[in-house]
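Down below is the structure, laid out as structure tokens.
The values are calculated or read from the model by the stated rules, or taken from the named source; none is laboratory data. Owing to the predicted nature of the structure, the values given are computational and were not obtained by experimental measurement. Here the Cβ positions follow ideal geometry from the backbone for every residue, glycine too, while neighbour counts run over all protein chains shown. The area values use the complete protein model at the heavy-atom level, side chains included, leaving out ligands, DNA and RNA. Shrake-Rupley method; radii C 1.70, N 1.55, O 1.52, S 1.80 Å.
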Amino acid sequence: MSLNIEQIRALFPVLHQEVHGKPLIYFDNAATTQKPQAVLDALTNYYERDNSNIHRGAHALADRATRYYEETREAVKEFIGAKESAEIIFTKGTTESINLVAQTFGRKFIGKDDEIIISTMEHHSNIVPWQMLCEEKGAILKIIPINDAGEILFEEFEKLLSPKTKLVSIVHASNALGTINPVKKVIDAAHAVGAKVLLDGAQSTSHLEINIQDLNCDFLAFSAHKLYGPTGLGVLYGKREVLESMPPFMGGGEMIKEVTFEKTTYNDIPFKFEAGTPNIADVIAFKASLDFIKSLGKPAIKAHEDSLLAYSKELLTGIKGFIPVGTASEKVSVLSFNINDMHPFDVGQMLDAKGIAVRTGHHCTQPLMKRFGIEGTVRASFSVYNTKSEIEKMAEGIAQIARFKNK
Amino acid sequence: MSSIKDIQEEIVSEFEILGDDKESTIFYIMELGGNLEAFPENERKEENIIKGCQSKVWLIADEVDGKVHYQADSNTDITKGLISLLIRVLNDRRPEEILKADLDFIQRIGMGSIIGSQRSNGLASMIKQMKLYALAFQTKQNA
Ligand SMILES: Cc1ncc(COP(=O)(O)O)c(C=O)c1O
């Protein structure tokens, strides 16, 4: 079923504005997506009607807020096909989710000379926490190489695996290139040597159907703000037995069972990992984002986004000086490119002057840029509310910019 | 030679002609970069890069007959255009004149909203570095 994009656009207030006197074209969706009215309403409703602290007050408001908060946890569980909602932990975002695993699972189970494997195309948030852990523990970070299209070399990955491998942490879909990694194969191969697997789902969860039980990964990290949801909220999924084996992340309220000055016993999962008053309003509003995605269906969203990606490639490939970066056969709707020897900043600024929002630079993937021998790219990333006519406008703009440079 | 004030007036009126059209303004700034003197290859090194700019900007200065002569380059065309404006205003002047200069044209043409906050910070770093060179030459002249 194809979607009615005009109807969908009507749900997003932010899209209906002018920038520098031109209608806004928002192509920075891999950085963060816009929010439908239902999410904004859920936020105001919460503060207007239900605001109270959860899991503690014995009054009507606290009860309501607690119920809504836990309903989102249930919705996230369904969204990724987890076995039980206790496996869903709310965090600040993908970054915090990964750091949580590094600081708890990592510190407990990864020691001297143990190995952690990541890929060349990781976001800094899936590099730095492991470097910090390796530094602390004397563990070793190994890197899966990629080909020129931006795909991991699976045989090279297999060669890196050994009984020393304790964790493989890999991005499901690359934010800089769009590459969808063959994660099922990666997970199975890692498990075969007894390693655990963390998937960085920051970019994949908005485009791809996720069934965590089929995938069988041990951890999945993602951010609500890339899923039409509020900022400052993310999820860490972990398998029950793995989460239970891990020490807590932060100490405080909510995460305890009983505290005496002699000894504290910890609460059960997921609360063990949610110390302090959580981000209640955003968690509650996140349910509206998940409902929005469900109402459209991810296959329909992906089909629309794929058609935008294909169309943009078709229009841009003809432009003299257009250099695509990341040409994997399996991609989410991310188009990374350069124009001749133009600096991506300049291209971005010129597109901005046309009302077109793209991201420019290294996209928090400096080692990946280095692999391609470039400083950065221009990245246009498409979402369900983007249209072909917006792509045509971008292509015209880029053609003009390329002509300016070539003259 | 026109005064710093006169040149700034000139620039302001050039930008006034472009009006609110952000696109033409950006294209214009990029074209201005073409006015820069060729930058000596052997000076394209780390120590000549201005700190605080997102893009790379190389800046050097010489003293010629008691006046400061600047040369600069960048890896982005917009930044080249920006620095060419600064050089047009400040080049080949006595250090004290440069140090006293109030570069109000930047505000008057609304550069902040044309180039955005990141690049505005970079522009401020460029001005600071140009003034630092002037200060160094002034100190030397007075020694
Ligand atoms: C692949 C990937 N991983 C991790 C992150 C970090 O997400 P957040 O900044 O929401 O913590 C991002 C966000 O840009 C991303 O694209």
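On average, how many beta carbons from a partner chain sit within 10 Å of the beta carbon of a residue in B:21-31?
5
Could you calculate the FRET efficiency of A:Lys112 with A:Arg403 from 1/(1 + (r/R0)^6), where r is the beta carbon distance between them and R0 is 60 Å, rounded to 0.05?
Working from the Cβ atoms, E equals 0.55.
Interface size between chain B and chain A, please: total buried accessible area, 1.4 Å probe, rounded to the nearest 100 Å².
So the total buried area for this chain pair works out to about 1500 Å².
Work out the mean other chain Cβ neighbour count within 10 Å for the residues of A:347-360 and drop it here as an integer.
The mean count of partner-chain Cβ atoms within 10 Å per residue comes to 3.
Between B:Glu47 and A:Ala310, what is the FRET efficiency for a Förster distance of 56 Å, r being their Cβ-Cβ separation, to the nearest 0.05?
Here the calculated transfer efficiency is 0.75.
At a probe radius of 1.4 Å, what is the per-residue accessible area of A:Phe382, in Å² to the nearest 10?
It works out to around 0 Å².
Quick one: of the DSSP bridges fully inside chain A, what percent are antiparallel, nearest 5?
60 percent
Using θ = phi - 60° and the Karplus curve 6.51 cos²θ - 1.76 cosθ + 1.60, what whole-Hz ³J(HN,Hα) does each residue of segment A:98-112 get, with Gly and Pro shown as x?
Each residue's phi maps through the Karplus curve to give 5, 4, 4, 5, 5, 7, 10, 4, x, 5, 7, 10, 10, x, 4 Hz.
What does the accessible area of B:Ser120 come to, in Å² to the nearest 10, when a probe of 1.4 Å is used?
That residue has around 40 Å² of solvent-accessible surface.
Could you check what % of the DSSP bridge pairs in segment A:194-248 are antiparallel, to the nearest 5?
For segment A:194-248, the DSSP antiparallel bridge percentage is about 60.
Give me a single rounded figure for A:18-26: the average over its residues of other chain Cβ atoms within 10 Å of their Cβ.
2
Kindly count the pairs of lysines across segment B:4-142 whose alpha carbons are less than 16 Å apart, treating pairs on different chains or eight or more residues apart as eligible.
13
For A:Cys364, A:Cys217, what's the largest-to-smallest order of accessible area, 1.4 Å probe?
A:Cys364, A:Cys217
Lysines within cross-link reach of A:Lys388: Cα-Cα under 22 Å, excluding same-chain residues under 8 positions apart?
Straight-line reach from A:Lys388, under 22 Å: A:Lys22, A:Lys35, A:Lys226, A:Lys298, A:Lys302, A:Lys313, A:Lys320, A:Lys331, A:Lys354.
What ranking do A:186-193, A:55-62 get when scored by the average of other Cβ atoms within 10 Å per residue, highest first?
A:186-193, A:55-62
Report, ordered by chain and residue number, the lysines lying within cross-link reach of A:Lys137, taken as a straight Cα distance under 28 Å and ignoring same-chain residues fewer than 8 apart.
Here the lysines satisfying the reach criterion relative to A:Lys137 are A:Lys92, A:Lys108, A:Lys112, A:Lys159, A:Lys164, A:Lys166, A:Lys196, A:Lys239, A:Lys263, A:Lys272, A:Lys370.
So who's got an amide H within less than 5 Å of the one on B:Val57, skipping anything under 5 residues away but keeping other chains? H placed 1.01 Å off N, in plane.
For B:Val57, the qualifying residues are B:Ile50.
Just to confirm the filter: which trypsin sites (Lys or Arg not before Pro) across segment A:87-180 are DSSP coil and have at most 12 other Cβ within 10 angstrom of their Cβ?
Sparse-neighbourhood loop trypsin sites (Lys or Arg not before Pro): A:Lys112.
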